[in-house]
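> The structure is given below, and queries will be raised subsequently.
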């Protein structure tokens, strides 16, 4: 009888040892994010809480524009808090796990200067924006004005407040507040809204359904109450 029990134990141990790593819940996930106000103040905490409720620890690394594309391509991140669906053709290893919001592009300029949407068709005009150059054509947006890239959304706001920028392009989410904290004239461009999705690397495909359901539940609460339930702890940044 003792030998039989030992045999059963060894068989069980062997099967346990060869469970694929992908079947086990990840110990910690690293998500990239952009410092756009809608991401920083609403969507990042939402993602944090969703995974926290699933018992999965997450950390965040800021990655705007080209840096995000590089991190995604090299597999250095497990996903992203929220990116436009038009980028998916460039992200062969990323899957959309949960819808977060719709977004449009808006044109902003100082109240003291004359401006209109037709400025975008003027090659003499200068516009600043953190929007990745690949996105605008994918969004079916044609702009003849000269675009000057800035590093991120916070830098753009600081440059405007310092008087170094008079005109800029902005991304606005439609459900959660995301306008720049500045006094501007605003014109919303005419184009189909893009969808922002929480992305997961394909290696975490088995987690997508469960995570997506929890994110959708919290998003529904946040969109109705305009705030999230109280978080258990603050998001961790790398």
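The values are calculated or read from the model by the stated rules, or taken from the named source; none is laboratory data. Only a predicted model underlies this, so the values are computations on that prediction, with no experimental measurement involved. Don't worry about glycine lacking a Cβ; one is built from the backbone with ideal geometry, like all the others, and counts go over all protein chains shown.
> Please specify each residue of the range 67-85 satisfying the condition of being under 19 Å from residue 206 (Cβ atoms) and either in the same structural domain as residue 149 (by TED's automatic domain parsing) or surrounded by fewer than 16 Cβ atoms within 10 Å (Cβ to Cβ) (or both).
Matches in the range 67-85: 75 only.
> Moving on. Sort through 88, 120 and tell me the only one that's farther than 16 Å from residue 33 by Cα and either outside the structural domain of residue 58 (by TED's automatic domain parsing) or surrounded by fewer than 17 Cβ atoms within 10 Å (Cβ to Cβ) (or both).
Every option except 120 fails the conditions.
> For residues that are out of contact with any helix residue (DSSP H, G or I) (no Cβ under 6 Å at 6 or more places or on another chain) and outside any loop (DSSP other than H, G, I, E, B), scanning just the range 169-196, find the one that is surrounded by the most Cβ atoms within 10 Å (Cβ to Cβ).
The qualifying residue surrounded by the most Cβ atoms within 10 Å (Cβ to Cβ) is 196.
> So residue 164 fits all but one of (1) over 30 Å from residue 222 (Cβ atoms); (2) free of Cβ contacts under 8 Å to residues at least 40 places away in the same chain; (3) surrounded by 15 or more Cβ atoms within 10 Å (Cβ to Cβ); what number is the exception?
(3)
> Would you confirm whether any residue within the range 48-64 is modelled with pLDDT under 90, in contact with a helix residue (DSSP H, G or I) (Cβ under 9 Å, 6 or more places away or on another chain) and surrounded by 10 or more Cβ atoms within 10 Å (Cβ to Cβ)? Before the answer, list the steps.
Restricting attention to the range 48-64, the residues satisfying the condition of being modelled with pLDDT under 90 are 64.
With in contact with a helix residue (DSSP H, G or I) (Cβ under 9 Å, 6 or more places away or on another chain) added as a condition, the list becomes 64.
Among the residues that remain, those that are also surrounded by 10 or more Cβ atoms within 10 Å (Cβ to Cβ) are: 64.
Yes; the residues of the range 48-64 include at least one that is modelled with pLDDT under 90, in contact with a helix residue (DSSP H, G or I) (Cβ under 9 Å, 6 or more places away or on another chain) and surrounded by 10 or more Cβ atoms within 10 Å (Cβ to Cβ).
> Ok, one more. Looking at residue 123, is it within 30 Å of residue 72 (Cα to Cα) and either without any contact (Cβ under 8 Å) to a residue 24 or more places away in the chain or within 21 Å of the chain's Cα centre (by Cα) (or both)? Show your work before the answer.
Working: within 30 Å of residue 72 (Cα to Cα): no; either without any contact (Cβ under 8 Å) to a residue 24 or more places away in the chain or within 21 Å of the chain's Cα centre (by Cα) (or both): yes.
The answer is no for residue 123.
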